[in-house]
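As C-alpha cells, the structure follows; a few thoughts come after it.
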Amino acid sequence: MTEKLLGVLFRSLFLVVLLMAGSFVRAQEFGEVYGKITDENNIPLGLVNIYVQGLPGGVATRPDGTYSLKVPANRENILFISSVGYNTLTFKVRLEAGRRMEISRKLKESTTQLPDFIVEDRQIRATSLSPIDPRLAAMIPSATEGIEALIKTMPGVSSSNELSSQYSVRGGNYDENLLYVNDVEIYKPFLVRSGQQEGLSFLNSDLVASILFSAGGFESRYGDKMSSVLDIRYKRPTVSAGSANVSLLGASLHLEGSSKDRRLMYLLGFRQKTNAYLLKAMETKGDYKPSFTDLQGMLMFEVNPKLEFSFLGNYARNAYNLIPSNRTTSFGTINEALQLRIYFDGKEADRFVNYMGALTSAYRPSKEVTLKLIVSAFQTRESETFDILGQYWIGELESDMSSSTFGQALETRGVGSYLNHARNFLDATVGSAEHRGTVMRDQSTLMWGLKFQHESVTDKLSEWTMNDSAGFTLPYHIGEIGKAGNQFEIQLQDVLRTTINLESNRFSGFAQQSWDIENTKGVWGLVAGARFNYWDLNKQFLFSPRGSVSFKPYWNTDILFRFSSGLYYQPPFYRELRDNLGNINKELKAQSSLHFVAASDLNFLAWGRPFKFIAEAYYKYLNHLVPYDVDNVRIRYFATNNAKGYATGLDFKVNGEFVKGVESWASLSLMRTREDLDGDFYTDYYNAAGQLIIPGYTSDMAAVDSITTERGFMPRPTDQRLNFSLFFQDYLPRNPTYKMHLNLLFGTGLPFSPPGVARARNAQRMPSYRRVDIGFSKQIIGEAGRHGSTEVSRKGVLRHINNIWISAEVLNLLQVNNTISYIWVRDVNNRQYGVPNYLTPRQLNVKISVEF
C-alpha cells in the first residue's frame, strides 16, 4: 500500500513540474549581469556583496571572485558592489529580457571609515543565523578538518572528541542537530560508536559556497529538532576551476565548471581519508586499517531564467578494521597509582556505506515568486562485527620517587579477562518529496513548505559481553563458591539479541512570514511562523509555533537587538525508539524544547578595523525527554518519555581583524543543563549495626532497615559548564606568504558514572578537555593578497596553477591526555575500576594544497 502511495505521489509531482515547465518556458522577464571582482593586485575577492538597490536578496562572489546575478529587465537598475575594507562601487544597468552583461571590477582599499563598514545581509543579521566564511575550513588546523572544525569554535557548541565531526549545542546531544545542503536534509550512520569508526562527514568543504549556523531559536522553515541548524549552500560555478589536497591524513580532489552559455554547471568532489596515522599513536596498539571514501557530485541545468533543475548525489564508504595487540594505561592518584595492562586477541571489522540523491526543480514565475520541488532518497547499509578477548592485569605502581622501581608495577590488584562480541547489521532507507515556496517583496517575505517522508529500517542485533576475574565469571556472590551441589552457568552482560523491521510515514509542513518595518526610531524585523508534523507510527500530531523580533535603532552605534522564541518538537527517529535491550517502543512521543533567546549584535571599530561582538542569553524548558547515556559518540536511549529538564546559559563571541586583513574570533559559553527522571528512586539497605550493605561484597549480613531516595534533578550527559574556543590567524608583515593558524578548545569536564549504579548516575566529572592545534603555511606559487605577492615565472603546467600552499600542523601541541570515556574492569572482590580512554597525543601533519 505504501509503495503504491509513493508511486502515485511521485508521478503526480513530476507531472506538476512538467506542466510548470511547459506553461512558463516562454516568459523572459530577467536579464543577467556576471563577472569577476578582484582587488588592485588582481587577487580574486570572495564574499563581496552584489545587489540591486531597492530589491531584497543579492549574491556574494565565490572564492574565485566570480558572480552572476539576475536583474529585472527593461528598467534602470542601480547595482551595488561592496565588501569589508573596500570602497563601494555603484553602476546603472539596463538590460533587455534574456540579455547578459559582464561587469568585472577592481575594488580599492577603503581609506575612510564608512558608516556601513560591516557588509552583511541585513535579513540574516536580524535572525539567529550566523554566517561563516567557508574558505576558513581549509585553514583551520584540526584532526578532522572541514566545516565541522569551524562549527566547534562557535559559541554554544561543545565537542570533546577531535576524532569525531559530531558536536552538541546548548546541552543537546548529537542527534538534535539539523543539517541541510541546498534545502535537502542530510542523515548520518546509525551504528557508529566511536570517533575512530566515523570517517568522513557528508560536508565537502571544497564544494561549499556559504554557511549559516544557528544555535537555537531558529525559524519555522527549518525542521523538527531541538538544538541547532546548519544550513549549507553549494557553489554555482561559472568558470572551470579545481583544487587538490594531499596530507598524512588523506587526499581530496574537486572540479567545477560550466558551459559557455553558463546554463549547465557541475561540481565534483572526491575525498579519501585514513586516520591510521593518528590511531597508531594511541594507547591501544594494533594493526589499524581504516579507509574512508566519499564521492559527491552536483549537476545544475538552467532551462531558462525561470526554470532550473539540479541533482545532488553522494556515495560514501567508511571501513574500519582493527586487530588490537596490547594496551598499557596508567591511572589513579599520587597516593594510589595504578596501571592497567591488557593483551588482546581477535579483531573488529566495520562497514558503513551510504547512498544519497536529491533532484530539485526551481521555478520562478515572476521576480517575487520561487517554487521548488525536491525529491530525495537516502540509504545506509551498516555492519559492525567484532570478537575481542582482553586479558588484563591491574597493578599498583611504585609512587616513591626515590625508589629505583619508581613507576613500576609492584603488586597485582587483580587479573581477569573479558570478551566483547557483536554481529550487528542495519539497513535503512529514507525517501521524501517536498514542495517549498517563497514570495519576496520589498518589505516582507512569505515562505511555506509541505513534505512527505517514508522510512524503512531493518536492524539485526547480536552483542554481549562476558567478564571473568581470576577464573570466575562475574558477577558472582561470596558464599556461593564451593557449596556442594552448586551448578554454575556462564553469565553474560549487556546481552542484546533482536531483529527489528520498521516502516513508517511522516507528513510535515511550515509557513512563515517576515516583515521589515522602518520608523523614526529604527528598523524592526518580525518573523512569525509555525510547523506541523504527523507520524503514523505513534499517531502523534504536533504543532510548533516560532517567532522572532529584532530592532536596529538609529544610533551612532551600529547595534541590533533580537529576541526569539518557539516550541521545538523532536519526533523520535529509529535510535530513540530502541532501548538497551533492543525493544522498540512504538508509543514513544516527541521530545519538546521551549526556547527563549535574547541577543545583541554590535559592529564596532578597533585599531581602525571592523569587529563584531555578539552576546546571547537563553533558557530552554525541556519536556517529555528520552533519557540516554553517552559512551564515546554512541548514544544509548532509554526509549521512554520519563524525564523533564532545562538548559540555560550565556554565549559570547567577538570576531574581526585582530590582524589586518584576516579574520579571527574567540567564543565563550557558560551553560547548565539538568534533568529529572520519573521514578529514579534507589534504596539503601542497612544491617542491625546500621552499616550500609553493599551488594556483591557481603551476603551474610541480613538487612533490617532500608531508605528509599529520589535522585531529583541531575546533570544531563552533555552538561559542560564552560567552553572557550579561539581561532586566530596571523602572517609575517613583510612577507604574508608565511601564515599561522591557531585552533584552541577548552571545555570543563562532562558528567559520567559507573554502569549500573542508579544512585550515582552522572555524579562524577571527567577531566577538562584541553586542546591546541597550530598550523604554519607557506605559499609557493600564487599571490599573497593585498599585502604582497609571490608571483614567479611559470611555464608549462604551472601556468594553469593559481596557488600552491604547503602546510605543517602540530596537532595537540600541548600533549594533553584528554579523556573521552572509561573502560570498567573488576577484580575478584568485585571492586570496579574506571580506566580512562585517552584521545590522540601530539602528532605532526603535513599538507600540500593546489588550486587551479
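The values are calculated or read from the model by the stated rules, or taken from the named source; none is laboratory data. Just so it is clear, the structure is predicted and the values come from calculations on it, not from any experiment. Backbone-built Cβ (ideal geometry, glycine too); neighbour counts: all protein chains shown. The protein model used for the area step is the full one, side chains on, heavy atoms only, and it has no ligands, DNA or RNA in it. Shrake-Rupley method; radii C 1.70, N 1.55, O 1.52, S 1.80 Å.
Can you name the number of the only condition in (1) surrounded by 17 or more Cβ atoms within 10 Å (Cβ to Cβ); (2) β-branched (Val, Ile, Thr); (3) over 26 Å from the mean Cα position of the chain (by Cα) that Thr385 fails?
(1)
Of the conditions (1) open to solvent by 20 Å² or more (accessible area, probe 1.4 Å); (2) over 25 Å from Gly199 (Cβ atoms), Met300 fails just one. Which one is it?
Only one criterion in (1) open to solvent by 20 Å² or more (accessible area, probe 1.4 Å); (2) over 25 Å from Gly199 (Cβ atoms) is unmet by Met300, namely (1).
Looking at region 666-681, I want the residues that are aromatic (Phe, Trp, Tyr) and have a partner that is open to solvent by 60 Å² or more (accessible area, probe 1.4 Å) with Cβ atoms under 9 Å, at least 6 apart or on another chain. Which pairs are those?
Note: pairs meeting the criteria are Phe681/Thr708; Phe681/Glu710; Phe681/Ala758.
Can you name every residue in region 228-241 that is in contact with a Phe, Trp or Tyr (Cβ under 8 Å, 6 or more places away or on another chain), surrounded by 22 or more Cβ atoms within 10 Å (Cβ to Cβ) and either part of a loop (DSSP other than H, G, I, E, B) or of a type in the set (Val, Ile, Thr) (or both)?
Residues satisfying the conditions are Val229, Ile232, Pro237.
What are the residue pairs meeting all of these: first residue in region 72-84, first residue under 21 Å from Pro305 (Cβ atoms) and among the hydroxyl-bearing types (Ser, Thr, Tyr), second residue surrounded by fewer than 19 Cβ atoms within 10 Å (Cβ to Cβ) and at pLDDT below 80, Cβ atoms under 9 Å, and 6 or more apart or on different chains?
none
Would you point out which residue out of Ser361, Ser330, Ser366 is part of a loop (DSSP other than H, G, I, E, B) and not aromatic (Phe, Trp, Tyr)?
Ser366
Return the residues of region 191-214 that are in contact with a Lys or Arg (Cβ under 6 Å, 6 or more places away or on another chain) and assigned to a loop (DSSP other than H, G, I, E, B); say none if nothing qualifies.
If the condition is that a residue be in contact with a Lys or Arg (Cβ under 6 Å, 6 or more places away or on another chain) and assigned to a loop (DSSP other than H, G, I, E, B), then Arg193, Leu200 are the ones that fit.
Being in a strand (DSSP E or B), out of contact with any Asp or Glu (no Cβ under 9 Å at 6 or more places or on another chain) and either of a type outside the set (A, V, I, L, M, F, W, C) or closer than 19 Å to Leu446 by Cα (or both) is the filter here; which residues of region 522-542 pass it?
Once the filter is applied, which keeps residues that are in a strand (DSSP E or B), out of contact with any Asp or Glu (no Cβ under 9 Å at 6 or more places or on another chain) and either of a type outside the set (A, V, I, L, M, F, W, C) or closer than 19 Å to Leu446 by Cα (or both), region 522-542 yields Gly522, Ala528, Ala530, Phe532, Tyr534, Gln540.
Give the residue, chosen from Arg341, Arg263, Arg271, that is open to solvent by 60 Å² or more (accessible area, probe 1.4 Å), in contact (Cβ under 8 Å) with a residue 12 or more places away in the chain, of a type outside the set (Asp, Glu) and closer than 30 Å to Lys235 by Cα.
Arg263
What number of residues in region 168-182 are assigned to a loop (DSSP other than H, G, I, E, B) and open to solvent by less than 20 Å² (accessible area, probe 1.4 Å)?
4
Give Val633, Val654 a once-over and let me know the one that is at pLDDT below 90, within 24 Å of the chain's Cα centre (by Cα) and under 30 Å from Leu136 (Cα atoms).
Answer to the check: Val633.
Specify the residue that is farthest from Leu650 (Cα to Cα); the eligible residues are those in region 600-614 that are assigned to a strand (DSSP E or B) and not hydrophobic (A, V, I, L, M, F, W, C).
Top of the filtered list is Arg609.
Given the conditions (1) surrounded by fewer than 18 Cβ atoms within 10 Å (Cβ to Cβ); (2) charged (D, E, K, R); (3) assigned to a loop (DSSP other than H, G, I, E, B), and given that Lys225 satisfies all but one, which numbered condition is not satisfied?
Checking Lys225 against (1) surrounded by fewer than 18 Cβ atoms within 10 Å (Cβ to Cβ); (2) charged (D, E, K, R); (3) assigned to a loop (DSSP other than H, G, I, E, B), the one that fails is (1).
Show the residue pairs that are 6+ apart or on different chains and have beta-carbon atoms under 6 Å apart, the first residue being within region 360-371 and in contact (Cβ under 8 Å) with a residue 24 or more places away in the chain, the second being among the aromatic types (Phe, Trp, Tyr) and open to solvent by less than 40 Å² (accessible area, probe 1.4 Å).
Sorted first by the residue in region 360-371, then by its partner, the pairs are Leu371/Tyr363.
Residues Thr144, Thr111, Thr153: which one is of a type in the set (Val, Ile, Thr), open to solvent by 50 Å² or more (accessible area, probe 1.4 Å) and either at pLDDT 85 or above or part of a loop (DSSP other than H, G, I, E, B) (or both)? I'd like the intermediate steps shown before the answer.
Numbers: Thr144 fails: open to solvent by 50 Å² or more (accessible area, probe 1.4 Å); Thr153 fails: open to solvent by 50 Å² or more (accessible area, probe 1.4 Å).
The conditions single out Thr111.
Scan region 582-599 and tell me whether some residue there is at pLDDT below 95, open to solvent by 30 Å² or more (accessible area, probe 1.4 Å), assigned to a strand (DSSP E or B) and of a type outside the set (Val, Ile, Thr).
no
Could you tell me whether any residue of region 420-432 is surrounded by 16 or more Cβ atoms within 10 Å (Cβ to Cβ), among the basic types (Lys, Arg) and either at pLDDT 90 or above or in a strand (DSSP E or B) (or both)?
no
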